[in-house]
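Quick notes on the structure that follows.
Each reported figure results from applying straightforward, stated rules to the coordinates on display, with no laboratory input. Quick caveat, the model's predicted, so the values are computed rather than measured. Note that we place each Cβ from the backbone using ideal geometry, even for glycine, and neighbour counts take in every protein chain shown.
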Amino acid sequence: MHVATTCLKIGHSGIPAELAAHDSENSLLLLFGSSGLIDRPELIEQVMATCPRSHVMGCSTAGEIHGAEISDDSLVVAAVRFEKTRLLTTHAEVHTPKDSYAAGRAIAASLQQPSLRGLLVLSDGLNVNGSELVKGLNDTLGGAVVVTGGLAGDGTDFKRTWVIKDRAPQSGYVTAIGFYGDHVRLGHGSKGGWDKFGPERRVTKSAGNILYELDGRPALQLYKEYLGDRAAGLPATGLLFPLAIRSSNTDGKVLVRTILAVDEAAQSMTFAGDLPEGMLAQLMRANFDRLIQGASEAATLTLNNHESGRSSSATLSIAISCVGRRLVLGERTEEEIEATLDILPTGSHQIGFYSYGEISPYASGACDLHNQTMTLTTITEL
């Protein structure tokens with residue numbers, strides 16, 4: 001496997017020749033860029049023109065990652081040429097969140113084959129219910145195939161996102177690429193690093209990803225009490241105070257959910273993933289050092305989950321971190337990217353993006369939807 005990466009500023013002229021050198025029927029061209037590129041796709045078109053035979057995946061972001069650097073209004077690119085791995089891409093429509101489960105099932109069914117080793121999934125970040133998308137994938141694939149990926153971003157605007165479908169940026173789709181054969185190796189890891197505070201409360205009324213009541217009290221009212229003066233900035237300030245959810249007080253599997261919207265009339269909150277009734281929920285807040293430590297732990301998990309086998313080929317690392325982490329870390333954000341590279345194999349090629357949701361197994365087995373995590377996927381060949 002051979003990898004070339006680059007970061008191109010919008011308005012840039014000239015595409016590195018190294019990208020074209022990696023073009024083949026068994027190559028992946030991976031693009032992460034500004035949401036505005038859907039209206040000005042010329043840069044995307046120029047990059048794709050250099051790799052006409054490659055499979056293309058990509059999405060819009062809340063910040064682009066290249067190596068240890070983060071940028072905005074750019075396009076980060078990885079051209080990956082596989083020697084022994086077969087690739088297939090597919091897509092499904094998600095015009096409303098109600099389409100999400102069916103989209104997950106359709107994606108999985110389209111790519112499912114005995115030699116399938118892993119899926120990378122990139123989805124529209126606004127028209128999708130990530131929990132239902134993941135459920136559709138899991139109900140079809142089970143836990144035998146590694147599934148990772150993320151939901152596209154739009155900075156902090158939450159207005160429009162895109163994914164690459166039919167070699168063009170488009171809204172309203174989920175896309176996926178399957179990796180096939182005995183030589184491809186995928187690693188994965190996902191960690192947060194947030195501090196819990198306040199009591200755990202029971203979800204007493206919800207509908208999908210809409211939370212109405214905690215312990216029988218209106219959810220938005222309760223949330224505002226904890227946020228105090230910061231409540232005036234909802235839903236944006238909610239990114240700084242996500243919810244931790246688990247099924248019981250003995251369950252060690254904790255998922256994080258981020259606020260997307262509030263409804264003053266209904267006193268409800270919409271989250272970037274489901275909150276089933278009966279679950280326990282607890283507020284979380286930022287701890288700078290623990291967030292950066294969480295990124296390191298994600299990289300360590302990735303190495304531990306990387307399928308065994310010695311490889312002399314290049315390693316691609318895809319870093320997908322939540323927009324909420326970037327808002328909290330501010331000028332320290334690049335520290336979490338540096339922390340991952342300190343752990344990953346020397347010489348790893350890393351690109352990625354800040355997202356509206358991350359997809360990865362919690363530890364192993366079936367995938368989950370995460371919020372507010374650093375999620376890593378590594379790909380190499382034996």
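Structural remarks
- Counting only residues at least eight positions apart within a chain, or on another chain, the aspartates and glutamates with an alpha carbon under 14 Å from that of Lys191 are Asp289, Glu297, Glu336, Glu358, Asp368.
- Taking other C-beta atoms within 10 angstrom as a stand-in for reagent exposure, Val147, Val328 fall in the order Val328, Val147, fewest first.
- Karplus (6.51, -1.76, 1.60) ³J(HN,Hα), θ = phi - 60°, over region 92-105, in Hz, Gly and Pro reported as x: 8, 7, 9, 7, 9, x, 5, 7, 5, 5, 4, 5, x, 5
- Alpha-carbon centroids, region 264-307 and region 319-382: separation in whole Å: 13
- Among Gly172, Gly118, Gly233, residue whose mean-square fluctuation peaks in a GNM of the chain (springs only between Cα atoms under 10 Å): Gly233
- Beta bridges per DSSP with both ends in region 1-142, % antiparallel, nearest 5: 75
- Build a GNM of the chain with springs between Cα atoms under 10 Å apart, and of Ala62, Ala232, Ala20 the one that fluctuates most is Ala232.
- Applying a DSSP loop filter and a limit of 11 other Cβ atoms within 10 Å to the trypsin sites (Lys or Arg not before Pro) in region 230-321 leaves Lys253, Arg310.
- Region 102-135 and region 157-221: distance between their alpha carbon centers, rounded to Å: 13
- Reachable lysines, given that their alpha-carbon falls under 16 Å from the alpha-carbon of Lys135 and they are not under 8 places away in the same chain: Lys98
- Counting only lysines at least 8 places from Lys84 when in the same chain, those with an alpha carbon closer than 28 Å to its own are Lys165.
- Estimated vicinal HN-Hα couplings, Hz - region 265-271 in sequence order (Karplus 6.51, -1.76, 1.60; Gly, Pro = x): 5, 8, 6, 10, 9, 9, 10
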